[in-house]
Amino acid sequence: MPTTAASVEQQQLPAAAPLMPETEKKARARTRDEGPDRLAHMEHFVKLVRRARRPALLQTLLEHATGSPASVAPLVEAVGPLAVASRNAVFAAVADFSIAIQARLERAAERIVLLCDESGALAMGEVLDDAGPAATDSGASIPVPDDKFTLALWLYLGQECIAGSKDRCFDHAETRQEMLRQAQAGKYSSHYLGPKDVQPLLDDDTQAALRAGLVAMFPQIDPEDIVIEAFVRRDAAQPGEPVTLYTLSALFNGKRVHYQQLDDGEVIERDEPAVTQVRFAWQPGQGALGIFCDDKASRPALAALFRDVVLGGSGDIRTMPMREFELIGFSDAGMLARLKTHRIDGIEDIAIQHLVVSRSHTREVPFRGHSMTRIVQSDLRIRRHRDEERSVYDVAREDYGLADFVGYDILEVKLSLRLARQAQRRARTVTVEVRAPNGLSDRCKTEADRDLVFAQLVRLGCAWEY
């Protein structure tokens, strides 16, 4: 009797593995180092030890910081990231160092790690000299590293850790990094204003709530794949003082990367999970919260999650407000009409004193004998004099030939607001400077004046509080 497709399918069904009940799902074994536990105040050093691929360079950094060639046991791995056991040995040794030495190591590691973003990697490639600095005090020849963390460490050691070295490649790379970063600052992060002097809490219950919040925002991720780490910064001379900077990072497979790959001459389509990093930076003294995430649309929700979970918010947005600003409405003269029709009670007049605008351009620039494409950006400040009748848009059109600012980035707006007379105060004029996404200069004003100014900005559609 011939075998049909249905019968083949029935024959194959018994061979399938039975589904495992959810309750019997095996826990995944994880191997993690002890960096956050032993050195919670040395976030950048922990990251550098994890990522640098030439342990000999780490050995040199430790010896330079301590002034002793036997500060830690020799790191025997020749090439590649340190194994977990070796990293734990380094962390244990550094934990026994004095506070001054730890602070010195963290300052060095911070500069090195901060140079390792996209702009810094490009900057290091630009300034790198083929006959670069030696990487060890003994003058041993070490090939130029090909990963950014090791390369940044290599450049730093060549500049700072060799007596009499005149090489300034690391300084030059930092300068160039800042130039490249200015044009794309808003691409990587959003910043918010929150309550001051609120100390964060990250216990087991808080971690569970944070994981649940991330899963609600990114339904495709596995809660077990979320890795959460926290670091704190205090005054090195007073370890018991309140936290001045609190950073929290969450790593998970939150996006997918599609690419093509050649396999035996045939193009194969690949679709793989990729790591998404969400990073929170909280400064309690200033009430400033920075959200670093590639997904710009999710940043407001991430800010609210951090506020309500880690900072202990009640869930009511009015108890711990976040503020954000958007200046695109000032791109054309239509804003002048809104300044008259959208005034709130207590505001008699609003005038625009100046605008700072910019436009990015792609230019071919010479570099080492050949041409390279670069993004360049120049700022332009359009200012009206206080004694003239022209608006800032008239000044732009008549003096600079700009009919409007459509296509430009509005970086800053300075407003002059005439506040009406109150029972205890006469009428007065206040000025504020607003920068997107989180800049508002409202110092030297009473609490009532600050609330009134912010309410006016909300009415104009260039500010939000949530």
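The values are calculated or read from the model by the stated rules, or taken from the named source; none is laboratory data. Note that the structure is a prediction, hence the values are computed from the model and not measured. Backbone-built Cβ (ideal geometry, glycine too); neighbour counts: all protein chains shown.
State whether the residues of region 209-227 include one that is under 23 Å from residue 324 (Cβ atoms), in contact with an Asp or Glu (Cβ under 7 Å, 6 or more places away or on another chain) and of a type outside the set (A, V, I, L, M, F, W, C).
So far as region 209-227 goes, no, none of its residues is under 23 Å from residue 324 (Cβ atoms), in contact with an Asp or Glu (Cβ under 7 Å, 6 or more places away or on another chain) and of a type outside the set (A, V, I, L, M, F, W, C).
State whether one or more residues within region 422-429 are within 17 Å of residue 352 (Cβ to Cβ), in contact (Cβ under 8 Å) with a residue 24 or more places away in the chain and not small (Gly, Ala, Ser).
There is no residue in region 422-429 that is within 17 Å of residue 352 (Cβ to Cβ), in contact (Cβ under 8 Å) with a residue 24 or more places away in the chain and not small (Gly, Ala, Ser).
Any residue at all in region 264-273 that is aliphatic (A, V, I, L, M), outside the structural domain of residue 417 (by TED's automatic domain parsing), part of a strand (DSSP E or B) and surrounded by fewer than 19 Cβ atoms within 10 Å (Cβ to Cβ)?
Yes, the conditions are met somewhere in region 264-273.
Looking at (1) at pLDDT 85 or above; (2) within 17 Å of the chain's Cα centre (by Cα); (3) basic (Lys, Arg), which is the only condition residue 211 fails?
(2)
Can you tell me which residues in region 262-307 are at positive phi and touching a residue at least 12 places away in the same chain (Cβ under 8 Å)?
Hit for region 262-307 is 287, nothing else.
Could you please let me know if residue 337 is of a type in the set (Gly, Ala, Ser), crowded, with 17+ Cβ neighbours inside 10 Å and in the same structural domain as residue 453 (by TED's automatic domain parsing)?
no
Looking at 6, 73, can you tell me which residue is at pLDDT below 90 and either among the β-branched types (Val, Ile, Thr) or under 35 Å from the mean Cα position of the chain (by Cα) (or both)?
73
Would you confirm whether any residue within region 139-154 is at pLDDT below 65 and in contact with a Lys or Arg (Cβ under 8 Å, 6 or more places away or on another chain)?
yes
Restricting to region 444-466, and then to whatever is more than 26 Å from the chain's Cα centre (by Cα) and modelled with pLDDT under 85, can you tell me which residue is farthest from residue 347 (Cα to Cα)?
444
Say we look at region 284-298 and pick out the residues that are crowded, with 17+ Cβ neighbours inside 10 Å and assigned to a strand (DSSP E or B); which of these is nearest to the chain's Cα centre (by Cα)?
Going through the qualifying residues, I end up with 292.
Which of the residues belonging to region 88-107 are under 17 Å from residue 153 (Cα atoms) and free of Cβ contacts under 8 Å to residues at least 60 places away in the same chain?
Matches in region 88-107: 90, 104, 107.
In this structure, is residue 98 farther than 29 Å from residue 243 by Cβ, surrounded by fewer than 20 Cβ atoms within 10 Å (Cβ to Cβ) and of a type in the set (Ser, Thr, Tyr)?
No: the conditions fail for residue 98.
Yes/no per residue for (1) among the β-branched types (Val, Ile, Thr); (2) over 32 Å from the mean Cα position of the chain (by Cα); (3) surrounded by 14 or more Cβ atoms within 10 Å (Cβ to Cβ):
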position: 406; (1), (2), (3): yes, no, no
position: 409; (1), (2), (3): no, no, yes
position: 418; (1), (2), (3): no, yes, yes
position: 432; (1), (2), (3): yes, no, yes
position: 436; (1), (2), (3): no, no, yes
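Just to check your reading of the model, which residue among 67, 158, 120, 80 is of a type outside the set (A, V, I, L, M, F, W, C), more than 21 Å from residue 34 (Cβ to Cβ), modelled with pLDDT of 80 or more and surrounded by fewer than 13 Cβ atoms within 10 Å (Cβ to Cβ)?
Criteria check complete, one pass: 67.
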